[in-house]
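Chemist: What follows is a single structure, and I will ask about it in a moment.
The values are calculated or read from the model by the stated rules, or taken from the named source; none is laboratory data. Only a predicted model underlies this, so the values are computations on that prediction, with no experimental measurement involved. When we count neighbours, we look across all protein chains shown, and the Cβ atoms used for this are built from the backbone with ideal geometry, even at glycine. Please note that ligands, DNA and RNA were not included when accessible areas were found on the heavy atoms of the full protein model with its side chains. Shrake-Rupley method; radii C 1.70, N 1.55, O 1.52, S 1.80 Å.
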Amino acid sequence: MSVNVLYRTSATATGGRDGRSTTADGALDVRLATPKELGGAGGPGNNPEQLFAAGYSACFLGAMKFVASQGGPKVPADTTVTAEVGIGPRSEGGFGITAALTVTLPGLPRAEAEALVEKAHQVCPYSNATRGNVDVQLTVA
């Protein structure tokens with residue numbers, strides 16, 4: 001499948017999970033720290049799973065707004081998407097991640113909310129990138 005790339009960015013990491021990651025334009029510069037649950041010291045800094053959760057939740061909300069612009073129901077201004085990302089050993093070896101998205105669409109009838117979330121899951125770039133590789137759970141709260 002080809003992609004007509006409209007935007008491209010890059011980030012560079014140094015030091016791995018206990019280092020730093022910065023975008024080429026300098027807009028993002030984060031200190032990285034391995035969580036205690038993964039054998040690290042914890043402490044100040046973010047980890048790749050937090051960054052993935054932040055990106056997926058923002059992207060998914062954007063996908064819902066896109067679906068709405070194509071004739072779907074209006075996305076309420078106070079809509080939230082919370083992404084919970086897990087990491088751990090895979091039964092096949094190596095490590096894998098899981099993702100659970102909880103979507104709150106205040107005031108939208110449940111059936112409309114569920115349909116909007118399902119359509120967004122079909123167009124969201126993160127959902128398309130993970131489909132078939134990552135267990136993604138969707139919940140309309």
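Chemist: Select from LYS119, LYS74, LYS36 the residue whose mean-square fluctuation is largest in a Gaussian network model of the chain (Cα-Cα springs shorter than 10 Å).
Modeler: Per the Cα network of the chain with a 10 Å cutoff, LYS36 tops the list.
Chemist: Of GLY72, THR22, THR82, which is farthest along the charge dipole of the chain in the positive direction, counting Lys and Arg as +1 and Asp and Glu as -1 at C-beta?
Modeler: Result: THR22.
Chemist: Which semi-axes, in whole Å and largest first, does the equivalent ellipsoid of the chain have when worked out from the alpha carbon gyration tensor as the square roots of 5 times its eigenvalues? Can you show the working numbers first?
Modeler: Details: eigenvalues 172, 66, 48 Å².
Listed largest to smallest, the semi-axes of the chain are 29, 18, 16 Å.
Chemist: To the nearest Å, what is the center-to-center distance of the range 67-141 and the range 19-51, using C-alpha atoms only?
Modeler: Taking the Cα centre of each part, the range 67-141 and the range 19-51 sit 24 Å apart.
Chemist: For the range 1-123, with all protein chains present and a 1.4 Å probe, just round the carbon and sulfur fraction of the accessible area to a whole percent.
Modeler: Using a 1.4 Å probe with all protein chains present, the range 1-123 comes out at 55 percent carbon and sulfur.
Chemist: Taking R0 as 22 Å, what's the FRET efficiency between SER10 and ASN133 from their Cβ-Cβ distance, rounded to 0.05?
Modeler: Details: r = 22 Å, r/R0 = 1.01.
The formula returns an efficiency of 0.50 here.
Chemist: Let me ask another. Per residue, how much accessible surface does the range 14-79 expose to a 1.4 Å probe? Answer in Å², no decimals.
Modeler: Values: 3740 Å² over 66 residues.
Heavy-atom accessible area per residue stands at 57 Å².
Chemist: What are the ³J(HN,Hα) couplings of the range 123-134, residue after residue, when phi is run through the Karplus curve with 6.51, -1.76, 1.60 and θ = phi - 60°? Round to Hz, x for glycine and proline.
Modeler: Values per residue, Gly and Pro as x: 10, 4, x, 5, 4, 5, 5, 8, 3, x, 10, 10 Hz.
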